[in-house]
Structures are given as structure tokens and as C-alpha cells.
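J.: Sharing a structure with you now.
No lab work stands behind these numbers, since they all come straight from the coordinates. Just so it is clear, the model here is predicted, and its values are computed rather than measured. Glycine gets a Cβ as well: all are built from the backbone with ideal geometry, and neighbour counts include every protein chain shown.
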Amino acid sequence: MSEASRLDIDFTDYIRPGDRVFISEAAGSPVALVDALIEQRHALGGVTVFLGYDIHSRFTAEHADVLRFESYGALGGTGALSKAGCLEVLPVSLAQMSNAILAGQFRCDVALLSGALRDGVYGFGLSCMLMGAAAATARHVIIECNAAMPASGGAIISRDRVSRVVESDYPILEVAGRPSDVAQQIAEHAAAYIGDGATLQLGIGAIADAIPSRLLDRRDLGLHSGMIGDSLVELAQAGVLTNARKSMRPGIGVASMAVGTRKTYDFVHQNPDLEIHPVAVTHGEAQFQKRLVSINGAMEVGLTGEVNAETAGRHYLGAVGGQPDFVRAAQIAQGGRSIIALASRRKDGGSRIVAGPLANVTTTRGDVDIIITEYGAAELRGQPLAERVRRLVNIAHPDHREALESGFRGV
């Protein structure tokens, strides 16, 4: 185990056999608590661990000897657990999952999270996501206070909900992205739909990372998103992401987690212009944000607009996540637009716009607005089926267009 894991905590004081333990995700994961949980797992009598976007990959298949793993998707380290057959995926949107936790329909017994003190109260550091709901309902809330964790504004953890605080001190894991040429081309097309005063929601991945650099000539953009990273921070530092025209929380950027390099973590720390909130706020309230532009990715898209953001072949690699929440919110929001962005081809050369039925439908064709590849944009909202097919074939890779046209046999 790493130095970070040497904590004076006995989990048998807090975790009972059969409990479900929620662990905060991404850069906000309480790594020292996770290492201690792994070390003590055999003494706990069978526990379910609920994970999110895992960038640390502390849990491995060997830990499934006594631990049961659940997640809302297979992102980062949870993808490896999924491939090993050790992960049970719940195909539900994040807003729905949050509501289920708060209503007691999906139990959280113990919440392990990273927190940071700010003005005498504990905040959620770099990741709130579902932990806001978990911390509000868990029997025990255990906070790891890492000296290196940025102190964020926004949601706080009531002191009467906290059972234990442990201290640690180790660097926060940094994640840097390098968008490909194809991602840059897609970003160029997506940027055309983002005007002055728009509020951004960007998903996870290289395409989302590439978009902010195309917006440096815009004015008064806002942030209401599940995530913030280096590229959005750079947009804020350039004076473009001001949040000045937001209809909700004007002047304040809102996200549910921050993942990036030291640039992002320094930006989050004690920043009065940025707040980290739970999914109930970021996803649940998005429809009330005027001029919301939602941009999310996909594994594949069907010829009439249905979207699969979960599986590639037989492997579960993505998530329902926040895509359905934000796709619908952006189209309900006054002046909003929703974009699904993906490369036209898979790594093996196959088309990601497909004529046959999808393995999974994450977002229905009735909810889709715009699909974008490196070959352009297909505006589908309000279009009949035949026109949807024509527009999607036009943005497919040229090598696949003829086959898509001939392969489609009605709807």
C-alpha cells in the first residue's frame, strides 16, 4: 500500500456486513480511505462498493473476492472491472440516480469522500456528483481531509452528518488530455452553435477538451456542467467564461467535479466565481438555464438519430451518465441546443453511424437535436425520418456512405 493509505481507522466500527459504500469519484476520490478499505475488506463481511468515474484504478478484479462493485458506468478504472466481469452497471441517468438515493430507493449506508475546510465548513473539494445525495442519507459519512485538496465553494457537508474525519497529505492525481486532429475538426463544427452569452455543458473526452479553444473570440460565456477541466479554465482565464449572462447563478460557474492538471485545481481553490454542486443542481436544474448548449459524446449513432453512449461491441465502456439529463434540459431551456459529437469511424475503421439496430439506446431519437462528426453537422430536431437518414449519411465517413444508404431498410 502507498504511504497515503496508513490511516488510523477501523472500518468495522462503521461498516456492517451487506452495506453499500459510496466513494467519491475522479480527482475527489479519498485515496487513503480507499486503500484502507481494500486492506481491511476481509474483516467486513461482504460489502458493495459504489464507484463513479475512477481515475485512480485502486480497485482491481482481485478485490472482488469479498467486495461487490457497482457503478453508473464503466469509466476509467471501472472499465477494467467491467471487462473482468466484476462490475454491475446501473443503466440510469445521474439525475434519476440522485433522486433515487434521496428518496431512499437506492440505499447508501456509508459515504467515503474527500473534503476540504473553507470558512469553517467542509466542502466537497473536487467532486460532489452523487456524493451530495449520499452524504445526506448515509448512516455514516467519513471525510478524508487531504492537505492538498482544493477548498471549493458551493455545496457543503453539515457537521452533524459527519461521523469521522481523517487526515492525509499526498498530491492530487493530474489528468491531461491531448485532443486529436479529428477531435479538433469536430470541435470547429460544434463551436458554430455557441454564441455570445451561451452557457456550456461539456461531457468527458477529447472532443469536449477541444471545444473551448475554438471559443476565444466569444463574449460572456457561462458554465453549468457536470465537469470542469483545463480547457475551460483557460477560457475563464482568457476573460471569455465570465458567467455574466447566466439566467441562474449569474457570475458563478457551476460544475459537479473538476478533473485536470494543477492549473484546474489551483483555479478551483477558494475561487468565489466557481461552485462545486451535487447532481441535483448541475443536472437537475439545467433546464432552467437559458441559452444552454449541451455537448456530449457517443459510441455510435443510428441512422434516424438514436444514440448509444454505453457499449462498444460486447464491452460496456461508457455510461448513461448525464447525457439524457442534459440533452433534454438543453432543448427545454430557452434558446438551448443539444449536440452529440463523435468521430465518424471507430479505431478499426468501422462506421460509427450505423444502419442496423444499436446495442443500447442511451438517448432516443426523439430527444436528439444535432449530431456532429468531423464531416459536419446534422440538425435532426423537427426532421422526418427520411431526412434524418439523408443528413446523417452526409456526415458519415465517405467510405461508408454508400453502404449506409443501401443498408438502411426502413424504420
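J.: Provide the percentage of antiparallel DSSP beta bridges, counting only those with both residues in region 181-407; round to the nearest 5.
T.: Counting DSSP beta bridges with both partners in region 181-407, the antiparallel share is about 30 percent.
J.: Please name which of 29, 116, 392 has its Cα lying farthest along the dipole of the chain towards the positive end, using unit charges on Cβ (Lys, Arg +1; Asp, Glu -1) and the Cα centre as origin.
T.: It is 392, whose Cα lies furthest towards the positive end.
J.: Just in region 362-411: which trypsin sites (Lys or Arg not before Pro) are loop by DSSP and have at most 16 other Cβ atoms within 10 Å?
T.: 381, 409
J.: Then there is this: May I ask you to order 219-225, 19-25 by the average number of other C-beta atoms within 10 Å around their residues, highest value first?
T.: So the peptides 219-225, 19-25, ranked by packing, come out 19-25, 219-225.
J.: Can I ask one more? Could you pull out every residue, at least 5 positions away or on a different chain, whose amide H is within less than 5 Å of the one on residue 153? Hs are placed 1.01 Å off N in the peptide plane, and Pro or chain starts have none.
T.: Amide H neighbours of residue 153: 270, 271, 276.
J.: A further question follows. Need one number: the % of Cα-Cα pairs in region 3-168 sitting beyond the 25 Å mark.
T.: Within region 3-168, distances greater than 25 Å cover 23 percent of Cα pairs.
J.: Another question, if that's okay. On alpha-carbon atoms, Rg over Rh for the chain using Kirkwood Rh?
T.: Result: Rg/Rh = 0.98.
J.: Residue 260's amide H: which non-local residues (gap 5+, or another chain) put their own amide H closer than 5 Å, with H modeled 1.01 Å from N in plane and none for Pro or chain starts?
T.: Amide H neighbours of residue 260, under 5 Å, 5+ apart: 175.
J.: Out of region 310-340, which trypsin sites (Lys or Arg not before Pro) are coil in DSSP terms and have no more than 12 other C-beta atoms within 10 Å?
T.: Qualifying residues, ordered by number: 314.
J.: Looking at region 279-357, which GluC sites (Glu not before Pro) are DSSP coil and have at most 11 other C-beta atoms within 10 Å of their C-beta?
T.: In loop regions of region 279-357 (DSSP not H, G, I, E or B), there are no sparsely surrounded GluC sites (Glu not before Pro).
J.: Which whole-percent values make up P(r) of region 150-213 when all C-alpha to C-alpha distances are grouped in 10 Å steps starting at zero?
T.: 15, 29, 23, 20, 12, 0
J.: Among all the aspartates and glutamates, which ones have a C-alpha under 19 Å from residue 347's C-alpha, if same-chain residues fewer than 8 places away are not counted?
T.: Output for residue 347: 181, 300, 310, 374, 399.
J.: On the Cα set of region 286-351, report Rg and Dmax in Å, please.
T.: Values for region 286-351 (Cα only, Rg and Dmax): 13.3, 41 Å.
J.: For every helix of n ≥ 4 consecutive DSSP H residues, a contribution of -39,500 (n - 2.57) applies; sum these over the chain, divide by its total residues, and give [θ] at 222 nm rounded to the nearest 500 deg cm²/dmol.
T.: The helix-only estimate for the chain comes to -6500 deg cm²/dmol at 222 nm.
J.: Treating only the Cβ of Lys, Arg, Asp and Glu as charged (+1, +1, -1, -1), what charge dipole size does the chain show about its Cα centre? Round to the nearest 20 debye.
T.: For the chain, the charge dipole is close to 1060 debye.
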